[in-house]
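Below: the structure, in structure tokens.
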Amino acid sequence: AQKVTQAQTEISVVEKEDVTLDCVYETRDTTYYLFWYKQPPSGELVFLIRRNSFDEQNEISGRYSWNFQKSTSSFNFTITASQVVDSAVYFCALSLSFGGYNKLIFGAGTRLAVHP
Amino acid sequence: KAGVTQTPRYLIKTRGQQVTLSCSPISGHRSVSWYQQTPGQGLQFLFEYFSETQRNKGNFPGRFSGRQFSNSRSEMNVSTLELGDSALYLCASSLAVAGGNEQYFGPGTRLTVT
């Protein structure tokens with residue numbers, strides 16, 4: 001069975017702190033995709049990143065960075081120098097290549113509160 | 001390019017009624033998926049449509065159904081509403097045929113069942 005675990009329910013930080021959101025996934029498939037989405041209070045899920053299972057290279061986009069480690073089945077997300085606008089619920093998700101088509105299996109989400 | 005649109009944005013229904021939600025994907029996207037989000041169960045996959053065919057379905061009762069039209073617009077229907085159907089229903093569209101694609105979500109329809 002496939003599963004995504006985000007053990008951190010809520011994280012509270014002060015602006016400019018760095019914060020890492022953890023994501024652990026389970027699947028027996030060798031080809032799969034991992035995603036991060038942001039859900040601000042407005043409710044719309046905003047796509048942040050997609051990685052496939054064959055690409056373990058870390059990625060950086062501005063203040064955002066992602067660390068993908070197949071050995072530990074983790075796909076962690078770090079925000080550097082957090083800002084109040086980063087306050088949102090962040091979801092990690094898994095999608096399988098075969099049979100799953102575009103079905104996303106989501107983690108429970110981590111609510112991030114960034115305080116001024 | 002316009003994003004995914006969903007109508008209505010808010011809906012209040014009574015137990016036993018039925019409801020139809022609509023989703024218009026990003027232009028050129030042929031895959032539309034639906035998700036239910038509740039505080040207790042989180043985000044759960046309902047179904048996916050591609051070229052007017054349902055090609056994947058989540059673990060929901062038959063009261064939940066959907067369809068896709070030739071212009072890729074999609075509707076989902078929930079019959080005999082129950083209190084537990086109160087949720088945010090999100091629609092997502094995707095460009096490509098194969099799986100694992102980036103999906104872009106609409107703002108959702110918040111359904112309240114009383």
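Filtering the stretch B:53-69 to residues that are within 14 Å of chain A (Cβ to nearest Cβ) and open to solvent by 70 Å² or more (accessible area, probe 1.4 Å) leaves B:Thr53, B:Gln54, B:Lys57, B:Asn59.
For the stretch A:1-14, filtered to residues that are loosely packed, with under 14 Cβ neighbours inside 10 Å and out of contact with any Asp or Glu (no Cβ under 9 Å at 6 or more places or on another chain), the residue that is farthest from B:Glu102 (Cα to Cα) is A:Val14.
For (1) away from chain A (no Cβ under 11 Å); (2) without any contact (Cβ under 8 Å) to a residue 24 or more places away in the chain; (3) open to solvent by 70 Å² or more (accessible area, probe 1.4 Å); (4) closer than 27 Å to A:Leu96 by Cβ, each residue gets a yes or a no:
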| residue | (1), (2), (3), (4) |
| --- | --- |
| B:Lys13 | yes, no, no, no |
| B:Gly28 | yes, no, no, yes |
| B:Tyr35 | no, no, no, yes |
| B:Leu43 | no, no, no, yes |
| B:Ser72 | yes, no, no, yes |
| B:Leu95 | no, no, yes, yes |
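Residue-level check: of (1) in contact (Cβ under 8 Å) with a residue 12 or more places away in the chain; (2) open to solvent by 70 Å² or more (accessible area, probe 1.4 Å); (3) assigned to a strand (DSSP E or B), A:Tyr33 misses just (2).
Listed here are the residues, each with its yes/no results for (1) at pLDDT 95 or above; (2) in contact with a Gly (Cβ under 7 Å, 6 or more places away or on another chain).
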position: B:Leu11; (1), (2): yes, no
position: B:Gln17; (1), (2): yes, no
position: B:Ile26; (1), (2): yes, yes
position: B:His29; (1), (2): no, no
position: B:Thr53; (1), (2): no, no
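Checking the condition away from chain B (no Cβ under 11 Å), touching a Leu at 6+ places or on another chain (Cβ under 9 Å) and either open to solvent by 40 Å² or more (accessible area, probe 1.4 Å) or small (Gly, Ala, Ser) (or both), which residue from A:Glu44, A:Glu59, A:Glu26 passes? Testing whether each residue is away from chain B (no Cβ under 11 Å), touching a Leu at 6+ places or on another chain (Cβ under 9 Å) and either open to solvent by 40 Å² or more (accessible area, probe 1.4 Å) or small (Gly, Ala, Ser) (or both) leaves just A:Glu26. Here are the criteria: (1) in contact (Cβ under 8 Å) with a residue 24 or more places away in the chain; (2) more than 24 Å from B:Tyr104 (Cβ to Cβ); (3) open to solvent by 60 Å² or more (accessible area, probe 1.4 Å). Tell me which single one A:Gln69 does not satisfy. (1) is the only condition that A:Gln69 fails. Hey, any hits in the stretch A:107-115 for a residue that's within 22 Å of B:Gly99 (Cα to Cα), in contact with a strand residue (DSSP E or B) (Cβ under 8 Å, 6 or more places away or on another chain), within 14 Å of chain B (Cβ to nearest Cβ) and outside any loop (DSSP other than H, G, I, E, B)? Looking through the stretch A:107-115, none of the residues is within 22 Å of B:Gly99 (Cα to Cα), in contact with a strand residue (DSSP E or B) (Cβ under 8 Å, 6 or more places away or on another chain), within 14 Å of chain B (Cβ to nearest Cβ) and outside any loop (DSSP other than H, G, I, E, B). B:Thr80 meets all of the listed conditions (1) open to solvent by less than 60 Å² (accessible area, probe 1.4 Å); (2) β-branched (Val, Ile, Thr); (3) over 26 Å from A:Arg50 (Cβ atoms) but one, namely (1). Inspection of the stretch A:85-97 finds no residue satisfying the criterion of being more than 8 Å from chain B (Cβ to nearest Cβ), in contact with a helix residue (DSSP H, G or I) (Cβ under 8 Å, 6 or more places away or on another chain) and not aliphatic (A, V, I, L, M). Here A:Ile79 passes the criteria (1) open to solvent by 40 Å² or more (accessible area, probe 1.4 Å); (2) touching a residue at least 60 places away in the same chain (Cβ under 8 Å) except the one numbered (1). Highlighted here are the strands (runs of 3 or more DSSP E) found entirely within the stretch B:59-114 that include at least 1 residues which are touching a helix residue (DSSP H, G or I) at 6+ places or on another chain (Cβ under 9 Å): B:64-68, B:74-78, B:109-113. Taking the criterion of being open to solvent by less than 10 Å² (accessible area, probe 1.4 Å) and at pLDDT below 95, the residues of the stretch B:100-114 that qualify are B:Gly100, B:Gln103.
The values are calculated or read from the model by the stated rules, or taken from the named source; none is laboratory data. Just so it is clear, the structure is predicted and the values come from calculations on it, not from any experiment. Cβ: placed from backbone, ideal geometry, glycine included. Neighbour counts: every protein chain shown. Ligands, DNA and RNA are stripped out before the accessible areas are found, and what is left, the full protein with its side chains, is counted by its heavy atoms. Shrake-Rupley method; radii C 1.70, N 1.55, O 1.52, S 1.80 Å.
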